[in-house]
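The values are calculated or read from the model by the stated rules, or taken from the named source; none is laboratory data. Please read these numbers as outputs of a predicted model, since none were measured by experiment. Cβ coordinates were reconstructed from backbone atoms using ideal geometry, including for glycine residues, and neighbour counts include every protein chain displayed. Just so you know, the surface numbers come from the protein's heavy atoms only, side chains and all, with ligands and any DNA or RNA stripped out. Shrake-Rupley method; radii C 1.70, N 1.55, O 1.52, S 1.80 Å.
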Amino acid sequence: MGDEHSLIPKDSFVFKLPKKSPLVLRTVVLLFVMVCTVYICSICLKQIGVVPSAGFLNVEVFERQCPEPNIEPWDIPYVHYPKPKTYSREECSCNPVRYFAILSMQRSGSGWFETLLNNHTNISSNGEIFSVKDRRANVTTIFETLDKLYNLDWLSSASKNECTSAVGLKWMLNQGLMKHHEEIVEYFKTRGVSAIFLFRRNLLRRMISVLANSYDRDAKPLNGTHKSHVHSPKEAEILARYKPLINTSLLIPELKQVQEMTSKALAYFNTTRHIFLYYEDVVKNRTKLDDVQEFLKVPKLDLKSRQVKIHHGPLSQHVQNWEEVQTTLKGTGFENFLLEDYRR
């Protein structure tokens, strides 16, 4: 049969697909590339620890860690990095600081000793902070004061321009220290505070100094001004003119009382990190100051003080009733105090 007799046209089996638009193809390719790019970037970001959020990159800023100081393991609790609230330490932030407290009694050379420490460019000792009764009213106020001091927020004349390496105070035994000794010992241990015991070996000389200072507080022979410490030989000479009259009936009981208080203080704080000094030894042997600087872990310097000693020479020159005092102490455990220099 011929083609003209076919019932189904030949062209009915040929299908022509519509042509796809080049713009659509390009869009599909572009979307594919974008998806792949986002996927690859997300993997890379996860690997470097940066997570994309809401279209922005959150980059965490970590505080710079201070290098570990080269110290013994037992010494770690005594190394601190304070962060004051009143200012920024900036370049000193990684400079370790040690906390200390000078534990002493009035007229035991602690004022002179503290001026020596403050002569060091890296030591700040802030005086008798607890001479103010409100600060030692109870344990809470004591701890609040200590926290402020050791956080370097206590600003005084002892504050340094150089980086502080050791900060502390002068604390008399009768300024709440003995009354709250259990809590304060625990505070010292918890906060890593080191104690520097400074006492006077010759308690008779200390008594004479206490009486003379009490007289000066009332009489004020230096132009109507009371001075516990002086900076010129002339001032020292004027104050040394006063010769106290010692009540010999109370002499031995008072010396015993001071001895007992000293012994108790040593027993109470014996479990803290501490160093023990006698004023007389520091006067005669300046290497004792090297021991203190080593104890505080600061560079050793030649420390000096502007203070001038008030009472010089034999005690017989400084007491009105010296013969009576001699008679009272001879044959007792305090006889050695009669000597110009105490000898064991």
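Tabulated data
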{"quantity": "The range 142-174 - residue that is in a helix (DSSP H, G or I) and among the acidic types (Asp, Glu) and, of those, nearest to Lys83 (Cα to Cα)", "calculated": "Asp147"}
{"quantity": "Tally of residues being open to solvent by 70 Å² or more (accessible area, probe 1.4 Å) and either free of Cβ contacts under 8 Å to residues at least 24 places away in the same chain or more than 18 Å from Asn119 (Cα to Cα) (or both) across the range 302-318", "calculated": "3"}
{"quantity": "Subset of the range 283-302 [over 17 Å from Glu72 (Cβ atoms), assigned to a loop (DSSP other than H, G, I, E, B) and among the charged types (D, E, K, R)]", "calculated": "Arg286, Lys300, Asp302"}
{"quantity": "Qualifying residue in the range 126-137 (condition: within 21 Å of Ser157 (Cβ to Cβ), open to solvent by less than 60 Å² (accessible area, probe 1.4 Å), in contact (Cβ under 8 Å) with a residue 12 or more places away in the chain and of a type in the set (S, T, N, Q))", "calculated": "yes"}
{"quantity": "Which numbered condition Arg201 misses (of (1) open to solvent by less than 80 Å² (accessible area, probe 1.4 Å); (2) over 31 Å from the mean Cα position of the chain (by Cα))", "calculated": "(2)"}
{"quantity": "Residues of the range 216-235 classified as acidic (Asp, Glu) and open to solvent by less than 60 Å² (accessible area, probe 1.4 Å), total", "calculated": "2"}
{"quantity": "Within the range 241-275, tally of residues that are out of contact with any Ser or Thr (no Cβ under 8 Å at 6 or more places or on another chain), surrounded by 13 or more Cβ atoms within 10 Å (Cβ to Cβ) and touching a residue at least 12 places away in the same chain (Cβ under 8 Å)", "calculated": "15"}
{"quantity": "Qualifying residue in the range 279-301 (condition: of a type in the set (S, T, N, Q), in contact (Cβ under 8 Å) with a residue 60 or more places away in the chain and either open to solvent by 30 Å² or more (accessible area, probe 1.4 Å) or in contact with a helix residue (DSSP H, G or I) (Cβ under 7 Å, 6 or more places away or on another chain) (or both))", "calculated": "no"}
{"quantity": "Where Val319 falls short, out of the listed (1) assigned to a loop (DSSP other than H, G, I, E, B); (2) out of contact with any Pro (no Cβ under 7 Å at 6 or more places or on another chain)", "calculated": "(2)"}
{"quantity": "Output for the range 96-141, where each listed residue is of a type in the set (A, V, I, L, M) and part of a loop (DSSP other than H, G, I, E, B)", "calculated": "Met105, Val132, Ala137"}
{"quantity": "Index of the failed condition, Thr328 passing every other in (1) free of Cβ contacts under 8 Å to residues at least 60 places away in the same chain; (2) more than 12 Å from Arg205 (Cα to Cα); (3) part of a helix (DSSP H, G or I)", "calculated": "(1)"}
{"quantity": "Test set (1) surrounded by fewer than 18 Cβ atoms within 10 Å (Cβ to Cβ); (2) within 30 Å of Ile71 (Cβ to Cβ); (3) touching a residue at least 12 places away in the same chain (Cβ under 8 Å) - Ile238 fails condition number", "calculated": "(2)"}
